[in-house]
Each structure stands twice: as C-alpha cells, then as structure tokens.
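The values are calculated or read from the model by the stated rules, or taken from the named source; none is laboratory data. Remember, it's a predicted structure, so these values are computed and weren't measured experimentally. Note that we place each Cβ from the backbone using ideal geometry, even for glycine, and neighbour counts take in every protein chain shown. These area figures cover heavy atoms from the full protein model, side chains too; ligands, DNA and RNA do not enter into them. Shrake-Rupley method; radii C 1.70, N 1.55, O 1.52, S 1.80 Å.
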Amino acid sequence: MANVKVTINGKLIETDSTRTIIQAARENGISIPHFCWHEKLSTAGNCRICLVDVEKMPKLAIACMTNVAEGMVVNTKNERVVNAREAVMEFILINHPLDCPICDEAGECKLQDYAYKFSQGYSRFGDDKVHKNKRVEIGPRVMFDAERCISCSRCIRFCDEIAGVHQLQFVNRGDHTTIETFPGETLDNPYSMNVVDICPVGALTNKDFRFKSRVWEMSFTESICNGCARGCNIEIGVRNNGILRLTPRTNDDVNSNWMCDHGRLDTWKHVNAEDRITGPMVRKGGILVDVGWDEAMAKVAGELKLFNKNEIAFIGSAFASNEDNYVLARFAKEVLGSKHIDRMSHRIDGGDDALLIRADKTPNDTGAALVGIVPGEGGRDIEGIVQGIRDGHIKALYAIDDDIAQHPELEKVITKLEFFAVHASNANKSTRIADVVLASSTYAERSGTITNFQKRVQRLRPAVVTLERERALDGLTMSRLDKFAAPNDSWGKGPRRDSRASWRIVAAIGNIMGGKFKYMTAEDVFTDITHTVDAFKGLTYLKIGSKGALLQ
Amino acid sequence: MEKYLEKSVPVRKKDLSFWQKLYIPAILQGMKITMTEFFKPSVTIEYPEVRTVMPDSFRGRPILVAENGTERCVACGLCARVCPALAIEVQAGETELGKERYPERFEINMVRCIFCGFCEEVCPEEAIIMSQEYELVFTSQKEALFGKDKLVKPIEEVRTRLDFLRKSR
Ligand code: SF4
Ligand code: SF4
Ligand code: SF4
Ligand code: SF4
C-alpha cells in the first residue's frame, strides 16, 4: 500500500495504490457510472459502462478493475468516453424490453437513469428482441424476469460472497445468457431479497411488494428494523398511511448494505393489520368497550391505587423504546414504589447466524435493561412475578408492548390477577384477558431510540401517522400525494388509529397518580435519560443522527 | 408631470363632415346588415334538444379504452404522475394476462380534472384518451369520483379519437 497521486477530471487526488479508479473517484465525490460493480462485492468487470480514458493507455480502461498508479491522469467525460458509453448503452438496450410501465424498478432503475443521462435516446436496432421467460419464481420471495436481466452477475456474487450459498448461476451463451438456480435449488437463503435491491434493473423484484405502488408515490422514512437485536438500518416506504415495504439503509457498523428476509417481510405487517387496537378500551361486563383516553387512564390510576405497592408488578418490553421503558421504570419505582419489574426474554438459542441475524428476537433488550427494566433490590424478576401471581402475592399487573400471555407459565396463572392493564398495538392473547387495553403506537408511528446488541443507540422515526400527529406539522416525510391531498380525495388517506406512544400513556397515568412527568416529546424523555443513566451521558438525538451512537 | 407635458404634442382630429354629423347613413347601413342576417337560415343549435357532433380534436372527459373486454391500461401510473391537477389515482394489481399488470382500481376525480389531455399524451398504451363527453353533473363530491365502471369504454365507441391521435402524432 503506497500513497499515490492521480488526477481525475483535472482534480488532484491523493489515495493509495490498492484503490481502483472507480473507488478513488467515488471517495472523492466523482461518480463513474456502473452496473456490475458494487462496493461490497467482488469486481466482475462485465458491464463495460465504467469505461474511462487514462492518458498513455491506448484503449479506454474499465474504472472498476484498473488500479490507480502514481501520476495517472484519468478523464471520465471526454468525447471518447461519452461515445463509448453511448455505445455500451445501445448494446445493453438492444435486448432490453420496453417494460418500464409494468416494471416495479421504474423510478429507481439504474438502466433507466443512465438511459436518460448517457444514451442518445434512440435505437438503430430494428429486429425482434430476444424473448425469455418473464414470470419466473426464482425463489419463494423473489420474482425473476429474464428479459430484463442485463447479466451483471451482482445477484450471483451476492449469494456466493455475502449469503455464502451458491444458488445462482449464468446459463447459456451470448444474448441467450440468463440466470438460473442450480438444479434442485431455489433462491431461498435468509438474505435472498437483498438481490432485489442490488439488481440494477427490474429483473429481480420483491414478490411481496410486486405492483403495490410506484416508488415515486411513496414517502421514505429512516428507521431501524425491529426484527432482532441487530437493529438493521432501514427505510420505511409508505403510501396512503400504510407501510408497503422496507429496504436496508447502508450502515457499515451495523448491517452493511443488507437486511434479512424475515426483517424485511415480517416485522411491519402488524402496523397495517386489521386487528389493530384502534383506541383505548376498558372491560365492562366481560367485554372490552371503546372508551376515551381520559376514562381509560383514570380507570387504571383508580385501580392501581387499591393495591399496596408489593402487590403490583410491572413488565417492560424489549420491543418498546428506551423512552417507553424508562418512563415505565420511573413510574413503577417512583410513583408506586414497586420493586417488581422485569421484561420477557425472546432469545431463541441457536436462532442466530454469522451474518446479521441475532438470537435475541427483540430490538431493544440491551436498552430496556439499561434504563431500569430490571427488578429493584429484593424485587421479583419475571419468574418471581409468575410465582407471585400463582400464590396470590401479586394482584395487579401492568405490562407494555409485549404479549406477555405468550409466556407459558404466566399464561396459566394470569387470570388470577385482580387487575391487569396492558399496552398493545394489536389484539393478542394478553388483550383478551386484560381489564384495560391502552392502544400503543407501533415502532413505525413514534419517535424514540432503541439500543442494539452492540450497545449502539439508534433512532426510530415516525413513518405512519396516528390521530395524535399530523404529517406536515410533526415533520414526517411526505410523498407528493400527502402534500396535496384534499379532504375530498380518496388518496393520501388510509386509516389513522387513536394510539399513543407508551411513554406518553405511562407519563399521563403517572401524573394522575401524583407523579411529576413533564415530558412533551420523546426527546425530552431522552434528555432525562442522559442525565440519570450514565451510559447515555452526553448523547442527544442530533448526535445519534441517522447512523446511531455507541454507548459507553 | 411637467416633464411629460413638455413632451406631449397636441393632436387635433379633423372635424366630422356634414354627412357624418347627420348619423342617418350609418344607421341605415347597420339596419341593412341586420335585415340581411335576419332572413338568412339560423346557426343556433337548440341545445339540449339538438346536440353538436364535436370534432375529433375535442377534449371531453378522459376515458379508458377497453379492447376485447379488458382495459388496455397497465396501471403504470404515468397519467397519475403527469396530471397537473392530481385527479387520477391508480392501484395496480397482477393479472394472468400477458400484460401482467392491470388497474385494480382506477379513479379520476372529475372535480379536479381540468381536461388538459396530458394523461392521454403520456399514456404508453393509448389506454386513456379524451372523449367527446362534456356533460358532467354531480350532486356530491363523492359522485365526482369516476371509477372503472364509468371510465371504461369499448374501443369501438372511441375509434375516431384514436385515429385522430395517430394522424396528429
Ligand atoms: S438478475 Fe439483476 S443482478 Fe442478477 S445478473 Fe441480472 S441484472 Fe444483474
Ligand atoms: S437481521 Fe435482525 S435487525 Fe436485521 S433485518 Fe433481520 S431481523 Fe431485522
Ligand atoms: S385531462 Fe388533465 S387534469 Fe384531467 S385527468 Fe387527464 S391529466 Fe388530469
Ligand atoms: S398512463 Fe395509461 S397505462 Fe399508465 S396508468 Fe395511465 S391509463 Fe394506465
């Protein structure tokens, strides 16, 4: 590794000799077009769109495979390069179908973008295009359209190098080249859907998102996957106030450019689901009845007052944010004086792998423990709480954002409780038993922070609006439709639920019972955390930013 | 002000002649035109009993062209994107047909539509075109949301417009 000086488009760049031209240029803000090259994959050098002119080289060189050398002078946009690029585009487009109107990639397609930027706008090719299979289920979650494939081999390299399974390969030759799975194989590795993101065209598409929306009609919000303790950085795609897809966001400290299929598909369907708890409910005569927030919270406060502090237990949640758990812990310990507080574990031993997936299937176990969801001195842990309910010492239970009735032991004794309040976003086992159900917002509807297994604090941002928020006023990302929807339009709408962030509910009940919670926003809660919990000292939402911050 | 007055030049028009001052010849001239027109055949169309046939270039309300019983539209959403009034909403779905994609829902808010014809111009399938229809009556905003039931028209009914579009391309 030696330091070298190269000139790219007249700009003098200092870099090291291990870099290729495309890398050196990219690191210095000069973009060179590319289809097959990907920063996280090996270099294939087969698309030829990255041709650049290097002085003293007789022919144009591909920037992705040519290493920089001392004194090299590179030009990425002179006439020779422009003509070569145009020619490459013309070759690629010869057999590319005019599918943009029915192709999900349209709007975020490299080929489409480059056709605008670098192509002459017409084709000299008059013959029939090669026809191939158009609706191939190449895997359980991925669709393949062979006509659209430009044979860049990114998907093959992803499977081989990142997912570590050899599932895809080129077959046939020349313009009949196509992608196939090995005999008896299908593209079903746990990371298979990343090929959809890296495919530069619409050849590989997300089966779940297929035809749901054009990308330019959606808003995208930076957030964090809630599928496990990794906390992959994601973008939430929303249209008409419903989530349509998740895509990974690059963060080299956490998830690189990838996310797992489970996270991509299974962690957000409940936000749009039919079984959402749409508002607070109180059980009257055996059935849950919709009531207003004031009534529900007064009911909880009134009931909790009836018990002595040793008879009340609290269960926080590793699915809830640091803020939610912190306020709950303060409420339990300061307002009610209870020491019985813990959370449920969702570890699946052996449920992890070497790439991203963690055995702990919750996003915030680390954070919940740090902000106080651990039994106080002499307090009961989760097993102790179960025991306490069984022998009648624990008579009231307050749980947030977790289906605690799933706990096999707790399930058996939970009906012995005299009072049971739960925060839930969707109907579940616990809400079927609870005396009061407080509608809490899902991770996609609230601000907050979660702490992953590396002790990295990352931010959740609201992508879907509830009744307590307004998209424009609360600074949520807006699609064009959100901006211009009028009351009489059928679009830009979608259901809005009367749910609230858990910390807000707990703080309000706490205040009824004489507590002093003066938080207006999740950020206020976080500021309080940074003052009282040492690990969080000195952090702010701004410092966490979009890439997160490590705790001490 | 002074400055402008300095520059202004008084112009005195010639006085009217005696005949012009009489006015009568001018009145007679006018009467002559009125009388000749009075006895010519009428050009007024007695709407709504009589209706004009609009030229093919006329832009009435947009409709969806159906061929062999299904709409041509592939739900690409380009019309919705280009529509300056944001009148169109398309929800795509998958179909067994060769086109793969079809509009599960297609709605034009006729209160928003300004009859600009951009949707027709942008459509890659000649699937949405401007019709001859201009009589739109609603009693509520809901009624003004035209779904596929009101939009889809068999190709036979709109041939002339399609021919016109081909010619004028
Ligand atoms: S399917 Fe996509 S990623 Fe794979 S080779 Fe073809 S164009 Fe490249
Ligand atoms: S690895 Fe974990 S955090 Fe990442 S996408 Fe999968 S479930 Fe989500
Ligand atoms: S005619 Fe113009 S305003 Fe009306 S739907 Fe089409 S694009 Fe929109
Ligand atoms: S532009 Fe044409 S094909 Fe596309 S959605 Fe509109 S009517 Fe359908």
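Data overview
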{"quantity": "Farthest toward positive dipole pole in chain A [+1 Lys/Arg, -1 Asp/Glu at C-beta], among A:Phe484, A:Val81, A:Cys149", "calculated": "A:Phe484"}
{"quantity": "³J(HN,Hα) computed for each position of the stretch A:253-268 - Karplus, 6.51 cos²θ - 1.76 cosθ + 1.60, integer Hz, glycine/proline x", "calculated": "7, 10, 10, 6, 9, 10, 8, 8, 5, 4, x, 5, 9, 9, 9, 9"}
{"quantity": "Dipole moment magnitude, nearest 20 debye, the stretch A:264-417 about Cα centre, only Lys, Arg, Asp, Glu C-beta charged", "calculated": "460 debye"}
{"quantity": "The stretch A:21-177: relative contact order in percent, alpha carbon pairs under 8 Å with at least 6 residues between", "calculated": "20 percent"}
{"quantity": "Total charge dipole magnitude, the stretch B:62-168, about the Cα centre, Cβ charges on Lys, Arg, Asp, Glu only, Debye to nearest 20", "calculated": "240 debye"}
{"quantity": "Average partner coverage of A:101-111, which counts Cβ from other chains inside 10 Å", "calculated": "3"}
{"quantity": "DSSP-loop chymotrypsin sites (Phe, Trp or Tyr not before Pro) across the stretch B:1-95, with at most 11 other Cβ within 10 angstrom", "calculated": "B:Tyr23"}
{"quantity": "Qualifying GluC sites (Glu not before Pro) in the stretch A:22-110, DSSP loop, other Cβ atoms within 10 Å at most 12", "calculated": "A:Glu39, A:Glu55, A:Glu70"}
{"quantity": "Value of [θ]222 nm, deg cm²/dmol, for chain A, DSSP H segments ≥ 4, -39500 (n - 2.57) each, nearest 500", "calculated": "-6000 deg cm²/dmol"}
{"quantity": "Gyration tensor verdict on the stretch A:221-374 (Cα atoms; rounded if a/c is under 1.5, prolate if a/b is larger than b/c, oblate otherwise)", "calculated": "oblate"}
{"quantity": "Three-way shape label, chain B, alpha-carbon gyration tensor, a/c 1.5", "calculated": "prolate"}
{"quantity": "Net charge of neighbours whose Cβ lies under 9 Å from the Cβ of A:Gln120, counting Lys and Arg as +1 and Asp and Glu as -1", "calculated": "-2"}
{"quantity": "Cα long-axis angle, helix A:522-532 against chain A (0 to 90 degrees, to the nearest 10)", "calculated": "70 degrees"}
{"quantity": "Cross-link table A:Lys207/B:Lys142; A:Lys207/A:Lys269; A:Lys284/A:Lys493; A:Lys395/A:Lys429; A:Lys134/A:Lys212; B:Lys99/B:Lys150, entries beyond 25 Å C-alpha to C-alpha", "calculated": "A:Lys207/B:Lys142; A:Lys284/A:Lys493"}
{"quantity": "Per-residue SASA entry for A:Thr530, accessible area with 1.4 Å probe, Å² rounded to 10", "calculated": "10 Å²"}
{"quantity": "Accessible solvent surface per residue of the stretch A:3-92, calculated while the other protein chains remain in place, 1.4 angstrom probe, Å²", "calculated": "48 Å²"}
{"quantity": "About the Cα centre, charge dipole magnitude for the stretch A:10-63 (Lys/Arg +1, Asp/Glu -1 at Cβ), debye", "calculated": "180 debye"}
{"quantity": "Sequence of A:Lys59, A:Lys395 from largest to smallest accessible area, 1.4 Å probe", "calculated": "A:Lys59, A:Lys395"}
{"quantity": "Residue-count net charge about A:Asn310 - beta-carbon cut-off 10 Å; Lys, Arg +1, Asp, Glu -1", "calculated": "+3"}
{"quantity": "Of all DSSP beta bridges in chain A, antiparallel share, percent nearest 5", "calculated": "70 percent"}
{"quantity": "Listed residues A:Lys333, B:Lys167, A:Lys309 arranged by accessible area, highest first, probe 1.4 Å", "calculated": "B:Lys167, A:Lys309, A:Lys333"}
{"quantity": "Relative contact order (%) - criterion: Cα under 8 Å, at least six apart; region: chain A", "calculated": "11 percent"}
{"quantity": "Rounded percent of accessible protein surface that carbon and sulfur make up, the protein assembly as shown, 1.4 Å probe", "calculated": "54 percent"}
{"quantity": "Order of exposure, largest accessible area first, which applies to B:Asp15, A:Asp403 with probe 1.4 Å", "calculated": "B:Asp15, A:Asp403"}
{"quantity": "log10 of Debye I(q)/I(0), alpha-carbon scatterers only, for the protein assembly as shown at 0.07, 0.08, 0.10 Å⁻¹", "calculated": "-0.67, -0.82, -1.10"}
{"quantity": "Computed E for A:Ala354/B:Thr95 - FRET, C-beta separation, R0 35 angstrom, nearest 0.05", "calculated": "0.25"}
{"quantity": "Peptide-level mean, for A:477-488, of C-beta atoms on other protein chains within 10 Å", "calculated": "2"}
{"quantity": "Gyration tensor (alpha-carbon) shape descriptor, the stretch A:3-92, a/c threshold 1.5", "calculated": "oblate"}
